[in-house]
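The values are calculated or read from the model by the stated rules, or taken from the named source; none is laboratory data. All values reported here derive from a predicted model rather than from experimental measurement. Neighbour counts run over all protein chains shown; Cβ positions are idealised from the backbone, glycine included. With ligands, DNA and RNA removed, areas are computed over all heavy atoms of the protein, side chains included. Shrake-Rupley method; radii C 1.70, N 1.55, O 1.52, S 1.80 Å.
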Amino acid sequence: MSSVINGFSKLSKQDKIKWLAENHFSDPAPAQQVFESWQHQDPLQQKVIDGFTENALTNFPLPLSIAPNFLINGKLYAVPMVIEESSVVAAASSAAKFWLERGGFHCTILGTVKLGQVHFLWGGQAKVLETIFPDIKKYLLEESQDLTANMEKRGGGVTDIQLMNFTQLEPGYFQLRVSFETCDSMGANFINTVLERFAQSLEHFLTQYPGLSDAERDIEVIMSILSNYTPDCLVHAWVECPIASFAELAQNQGMDAYQLAHRFATAVRIAQIDPYRATTHNKGIFNGIDAVVIATGNDFRAVEACGHTYAARDGQYRSLSSCTVENDLFRFELKIPLAIGTVGGLTALHPLAKSALEMLGKPSAHELMMIVAAVGLAQNFGAVRSLVTTGIQKGHMKMHLTNMLNHLGANEEESAAAQAYFSKQTASFASVRAFLEQHRNLVL
Ligand code: MEV
């Protein structure tokens with residue numbers, strides 16, 4: 001029977017597990033056993049992982065897979081991907097191999113600006129604030145020197161502060177929009193710390209500044225926080241090849257290379273026209289992006305939130321990728337904002353994130369942005385290629401078959417028989433179960 005508990009966070013991990021098993025499971029003993037069995041065997045490692053969040057009970061495993069053969073700007077990578085969806089890594093690897101033979105992925109960084117905001121209410125005339133804003137800016141920068149000095153040494157820091165006037169939409173609402181360069185770190189903590197200092201300094205500045213009326217001294221800071229929308233922290237990835245180089249792939253589908261290229265480009269245009277398709281199309285891109293972002297210890301919610309806002313930047317949600325088929329050349333590209341880092345946060349703390357970055361050659365944040373964008377583009381290429389040729393289910397169900405066989409407790413021999421049988425049949429849960437039952441009866 002479930003019950004309210006106070007002070008749960010103060011219990012030891014063992015007591016937390018015991019309480020949960022006794023209060024939220026009909027059979028406490030096996031539940032307790034499950035939570036205990038997924039602990040890391042090394043208590044020190046487990047302590048590090050437990051430290052990531054409040055009330056950690058155990059670990060939740062997801063596979064860390066590798067997509068090899070990614071040629072990006074002439075350099076070969078084996079890319080780590082953490083994802084549960086069966087066909088994603090296979091599709092990324094296959095797309096990587098396809099483009100490996102066609103010059104690989106080309107990427108460039110278009111910008112690295114991160115953003116933060118101080119939202120505040122102010123009772124005076126906007127003109128007054130605008131007039132004294134150069135002094136405010138100078139003061140805020142001076143008063144945050146102790147926080148920004150280190151980042152400045154690394155080549156970053158606060159690069160701009162703008163005053164935004166939203167009083168037409170909300171009485172008295174202004175905003176400081178602050179631009180940051182955070183070098184190899186994602187920079188969330190740095191940005192939020194500086195913004196909170198800016199908020200304090202702004203209040204202080206207005207109370208001290210000579211010649212202001214009482215109303216003009218009256219400021220109410222509502223909140224100070226980074227913005228996850230970073231349209232100028234942008235990376236561009238593209239692939240291109242002569243259309244003729246689709247010949248073999250097209251022939252296998254009973255098409256010619258031009259038909260295939262045009263079908264592909266039409267599918268991408270559909271995702272630019274229709275938000276329903278665009279959402280699924282972009283989800284395919286994020287299958288690849290999130291998997292690498294998670295593997296490298298970055299914040300995939302931030303990356304997703306930003307990418308979707310960017311996809312709707314002209315007022316309608318659209319495909320993040322685009323495709324042209326012109327002058328015998330196929331070109332497929334992706335522009336995506338990616339605020340990620342390779343130092344700080346979980347990148348050094350999580351033992352597997354550390355290994356993931358190591359296998360990528362300890363990249364800078366710029367390099368990681370390019371790798372992530374290339375994987376997003378590869379994933380999108382793989383999905384759309386399947387959709388306009390065989391359909392998605394063929395590859396999907398092939399991978400999903402393994403999950404179904406595991407779920408049904410198939411042994412090695414049964415799995416091999418099922419894999420052979422379903423290589424020519426569509427597999428569903430019912431058909432796999434029926435196959436196993438029949439196979440087991442035959443073998444008995
Ligand atoms: C499935 O996870 C992703 C796809 O739906 C993407 C797409 O439709 O482009 C296959």
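Points to keep in mind about this one:
- Whether a residue is in a helix (DSSP H, G or I), within 30 Å of residue 124 (Cα to Cα) and either open to solvent by less than 70 Å² (accessible area, probe 1.4 Å) or within 16 Å of the ligand (Cβ to nearest atom) (or both) was assessed, and residue 205 passes this test.
Residue-by-condition table, conditions (1) open to solvent by 50 Å² or more (accessible area, probe 1.4 Å); (2) touching a helix residue (DSSP H, G or I) at 6+ places or on another chain (Cβ under 9 Å); (3) more than 16 Å from the ligand (Cβ to nearest atom):
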| position | (1), (2), (3) |
| --- | --- |
| 212 | no, yes, yes |
| 221 | no, yes, yes |
| 236 | no, yes, yes |
| 250 | no, yes, yes |
| 258 | yes, yes, yes |
| 264 | no, yes, no |
| 268 | no, yes, no |
| 271 | no, yes, no |
| 276 | yes, no, no |
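- Listed by position, the helices (runs of 4 or more DSSP H) enclosed by region 362-444 that each have at least 2 residues that are under 20 Å from residue 71 (Cβ atoms) and either open to solvent by 40 Å² or more (accessible area, probe 1.4 Å) or touching a strand residue (DSSP E or B) at 6+ places or on another chain (Cβ under 6 Å) (or both) are 365-387.
- Taking the listed residues 83, 49, the one that is out of contact with any helix residue (DSSP H, G or I) (no Cβ under 7 Å at 6 or more places or on another chain) and under 20 Å from residue 350 (Cβ atoms) is 49, with no other qualifying.
- Criterion: farther than 25 Å from residue 79 by Cβ, modelled with pLDDT under 90 and polar (S, T, N, Q) - qualifying residue of 426, 402: 426
- Residue 290 being more than 16 Å from the ligand (Cβ to nearest atom) and either charged (D, E, K, R) or outside the structural domain of residue 95 (by TED's automatic domain parsing) (or both): no
- Region 294-319, residues that are touching a residue at least 40 places away in the same chain (Cβ under 8 Å) and within 16 Å of the ligand (Cβ to nearest atom): 294, 317, 318, 319
- Checked against the criterion of being in contact with a strand residue (DSSP E or B) (Cβ under 9 Å, 6 or more places away or on another chain) and of a type in the set (Gly, Ala, Ser), region 249-257 contains one or more residues that satisfy it.
- Cβ pairs under 8 Å, 6+ apart, first in region 365-377 and of a type in the set (Gly, Ala, Ser), second surrounded by 24 or more Cβ atoms within 10 Å (Cβ to Cβ) and part of a helix (DSSP H, G or I): 373/289; 376/285; 376/288; 376/289
- The residue that is nearest to residue 120 (Cα to Cα), among those in region 144-169 that are out of contact with any strand residue (DSSP E or B) (no Cβ under 8 Å at 6 or more places or on another chain) and in contact (Cβ under 8 Å) with a residue 12 or more places away in the chain, is 147.
- Across region 316-327, a minimum of one residue is classified as in contact with a His (Cβ under 7 Å, 6 or more places away or on another chain), open to solvent by less than 40 Å² (accessible area, probe 1.4 Å) and assigned by TED's automatic domain parsing to the domain that holds residue 270.
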